[in-house]
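**Student:** Next up is a structure, given as structure tokens.
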Amino acid sequence: MKTLIKATAVTLALSFTTLYAGSGHSHDGEHGHSHAQAKVSQSVVKKQANQGLTRLIQSGKVEKSWSNIPIKDMNKKQFHHNMEWVVSYENKKITNKTEQTLYIFVSLTGEITGANYTGK
């Protein structure tokens, strides 16, 4: 139950970060802004995921032992109608095996959409 609460808290914390994203929003079409957002490169996705991990550490959502953990894997995955990047980190210092792998979800346009320990 504790793991579920933590995973939910982490997911909620990261989902609110997209509300404050400054770039990529669009306005009325007559102002010359496009409604379509550009897809970002894999290197930008890595940077965003690493910044998201840093925010989780700084906010106390995950242990400090996650600092300097490299990305283990990055893949695109279909979630309902949306394709997203799933960036995973593995921390063997965590004693609870269900929390040794942390997944950070990044949209194709570079916004962090969530994080959890399940990858789903």
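**Student:** Describe numerically, in nm with one decimal, the distance between label points set 7 Å from Cα along Cα→Cβ at S43 and at N68.
**Tutor:** About 2.4 nm separates the two model spin labels.
**Student:** Treat the count of other C-beta atoms within 10 Å as a stand-in for reagent exposure and order F105, F79 from fewest to most.
**Tutor:** With the sparsest Cβ surroundings first, the list reads F79, F105.
**Student:** Quick one: which residues, 5 or more positions from L108 or on another chain, have an amide H under 5 Å from its amide H? H modelled 1.01 Å from N in the peptide plane, none for Pro or chain starts.
**Tutor:** Close amide H contacts, sequence-distant or interchain: W85.
**Student:** In which sequence would V86, V44, V62, V106 go, from the one with the fewest C-beta neighbours within 10 Å to the one with the most?
**Tutor:** Ranked by crowding around the Cβ, least crowded first: V44, V86, V62, V106.
**Student:** Given K47/K76; K47/K97; K46/K97, which pairs have Cα atoms separated by over 22 Å?
**Tutor:** Beyond 22 Å: K47/K97; K46/K97.
**Student:** Another question about this same structure. Can you give me the Kirkwood hydrodynamic radius for the range 50-120, using every pair of distinct Cα atoms, in Å to one decimal?
**Tutor:** Kirkwood radius, the range 50-120: 12.4 Å.
Bear in mind these aren't lab numbers, they're just calculated from the coordinates by the rules spelled out. Because the structure is predicted, anything quoted here is derived from the model rather than measured. Glycine also receives a Cβ, built like all others from the backbone with ideal geometry; neighbour counts cover every protein chain displayed.
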